[in-house]
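Chemist: Here it is, the structure in full.
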Amino acid sequence: MANSNTVIWVQDLHKIYKMGENEVHALRGVSLGVQRGEILALMGPSGSGKSTLMNILGCLDQPTWGTYVLGGRDVSRMDDDELAMARNGLVGFVFQSFNLLPRTTALDNVMLPLVYAGTTGRERRRRAAEVLEAVGLADRLHHTPNELSGGQQQRVAIARALVNQPSIILADEPTGNLDSKSGREVMAILQRLNRETGITIVLVTHDPRISHYAQRVISLFDGKIIKAEAIAEPIDAANELTLPEGVAV
């Protein structure tokens, strides 16, 4: 049940795709709430519905039926402008494939959401440089994606997600294209941002280990929630990074 601390609430969510004469039931009555300031992981195999659910949570898609309340607002009652404002202001997105403009510097990639928001040029540069510094890339402002490692590119993507100061980050397989060390570095950044700013993070992953960086794990299968688990002691990614080289984690 939703309460004053609930930032995302969905009730009996269904999503049906039509494939010719066939219907694919991607979500089958999903209900869940996400509390302000928590890190929640959505887990499940390919085809479980987790990415469909993430797209609906990010206002990139609409359910066939069911209720979705975002920040106290019923999403079905939002017009196109309000949905665009939610996507660009309330929610920040981080994707597995980074989605950076290839010939554009880190600074310009991060400034892009501010352009759409109508922020002035000087303020855009200040805020973009500030969030790049927050993710450890103060010395990479003018590097293009092909001059950055995969982990650094994902940091740029996180900075871009943060630049409009959203209250929620939706991260879809954010470590999926990274080696284990870079993945831990990215999770350490997300955990630190959560601790320091109270930002809510919803994380999609198929990797059980990555899910244990979260405080709660929701497991999906065939479009249904099959398990909800609180993690008593989430893994601290920053602590893992301080272990001596060669120590198994």
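Chemist: Here are the criteria: (1) modelled with pLDDT of 95 or more; (2) surrounded by fewer than 15 Cβ atoms within 10 Å (Cβ to Cβ); (3) touching a Lys or Arg at 6+ places or on another chain (Cβ under 6 Å); (4) not aromatic (Phe, Trp, Tyr). Tell me which single one Asp12 does not satisfy.
Modeler: (3)
Chemist: Quick one: in the stretch 1-23, of everything that is under 24 Å from the mean Cα position of the chain (by Cα) and of a type in the set (Gly, Ala, Ser), which residue is nearest to Val202 (Cα to Cα)?
Modeler: Of everything passing the filter in the stretch 1-23, Ala2 is nearest to Val202 (Cα to Cα).
Chemist: Here are the criteria: (1) modelled with pLDDT under 95; (2) more than 20 Å from Ala161 (Cβ to Cβ). Tell me which single one Trp65 does not satisfy.
Modeler: Of the numbered conditions (1) modelled with pLDDT under 95; (2) more than 20 Å from Ala161 (Cβ to Cβ), the odd one out for Trp65 is (1).
Chemist: Hey, another quick one. Where the second residue is surrounded by 14 or more Cβ atoms within 10 Å (Cβ to Cβ) and among the acidic types (Asp, Glu) and the first is over 22 Å from Thr52 (Cα atoms) and lies in the stretch 193-210, which pairs have Cβ atoms under 7 Å and are six or more apart or on separate chains?
Modeler: none
Chemist: Out of curiosity, is Ile56 out of contact with any Lys or Arg (no Cβ under 8 Å at 6 or more places or on another chain), touching a residue at least 24 places away in the same chain (Cβ under 8 Å), crowded, with 20+ Cβ neighbours inside 10 Å and not in a loop (DSSP other than H, G, I, E, B)?
Modeler: Working: out of contact with any Lys or Arg (no Cβ under 8 Å at 6 or more places or on another chain): no; touching a residue at least 24 places away in the same chain (Cβ under 8 Å): yes; crowded, with 20+ Cβ neighbours inside 10 Å: yes; not in a loop (DSSP other than H, G, I, E, B): yes.
So Ile56 does not fit the description; no.
Chemist: Restricted to the stretch 16-47, and to residues that are at positive phi, touching a residue at least 24 places away in the same chain (Cβ under 8 Å) and part of a loop (DSSP other than H, G, I, E, B), which residue is surrounded by the most Cβ atoms within 10 Å (Cβ to Cβ)? Write out each step before concluding.
Modeler: Going residue by residue through the stretch 16-47, those that are at positive phi are 20, 29, 37, 44, 47.
With touching a residue at least 24 places away in the same chain (Cβ under 8 Å) added as a condition, the list becomes 29, 37, 44, 47.
From what's left, part of a loop (DSSP other than H, G, I, E, B): 37, 44, 47.
Numbers: Gly37: 16, Gly44: 23, Gly47: 14.
Ranking the candidates gives Gly44 first.
Chemist: Can you tell me which residues in the stretch 213-242 are hydrophobic (A, V, I, L, M, F, W, C) and surrounded by fewer than 17 Cβ atoms within 10 Å (Cβ to Cβ)?
Modeler: Phe221, Ile226, Ala228, Ala230, Ile231, Ala232, Ala238, Leu241
Here's the yes/no breakdown for (1) under 13 Å from Val91 (Cα atoms); (2) over 14 Å from the mean Cα position of the chain (by Cα); (3) buried (at least 22 other Cβ atoms within 10 Å of the Cβ); (4) at pLDDT below 95:
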position	(1), (2), (3), (4)
Gln165	yes, no, no, yes
Ile169	yes, no, yes, no
Ser180	no, yes, no, yes
Gly183	no, yes, yes, yes
Thr205	no, no, yes, yes
Ser211	no, no, yes, yes
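Chemist: Pull up the stretch 213-249, narrow it to residues that are more than 30 Å from Asp12 (Cβ to Cβ) and of a type in the set (S, T, N, Q), then point me to the one that is modelled with the lowest pLDDT. If you could, list the steps in order and put the result at the bottom.
Modeler: Keep residues of the stretch 213-249 that are more than 30 Å from Asp12 (Cβ to Cβ), which gives 233, 235-249.
Remaining after also requiring of a type in the set (S, T, N, Q): 239, 242.
Working: Asn239: 89, Thr242: 73.
Here the answer is Thr242.
Chemist: If the requirement is being without any contact (Cβ under 8 Å) to a residue 60 or more places away in the chain, at negative phi and assigned to a loop (DSSP other than H, G, I, E, B), which of these qualifies: Ala232, Ala188?
Modeler: Ala232
Chemist: Of everything in the stretch 86-106 that's aliphatic (A, V, I, L, M) and closer than 13 Å to Glu147 by Cβ, which residue is modelled with the lowest pLDDT? I'd like the intermediate steps shown before the answer.
Modeler: Initial filter on the stretch 86-106 (aliphatic (A, V, I, L, M)): 86, 90-91, 94, 100-101, 106.
Right, trim to closer than 13 Å to Glu147 by Cβ and you get 100, 106.
Values: Leu100: 93, Ala106: 97.
Checking each candidate, the answer is Leu100.
The values are calculated or read from the model by the stated rules, or taken from the named source; none is laboratory data. Everything numeric here is computed off the predicted structure, so don't read it as measured data. Neighbour counts run over all protein chains shown; Cβ positions are idealised from the backbone, glycine included.
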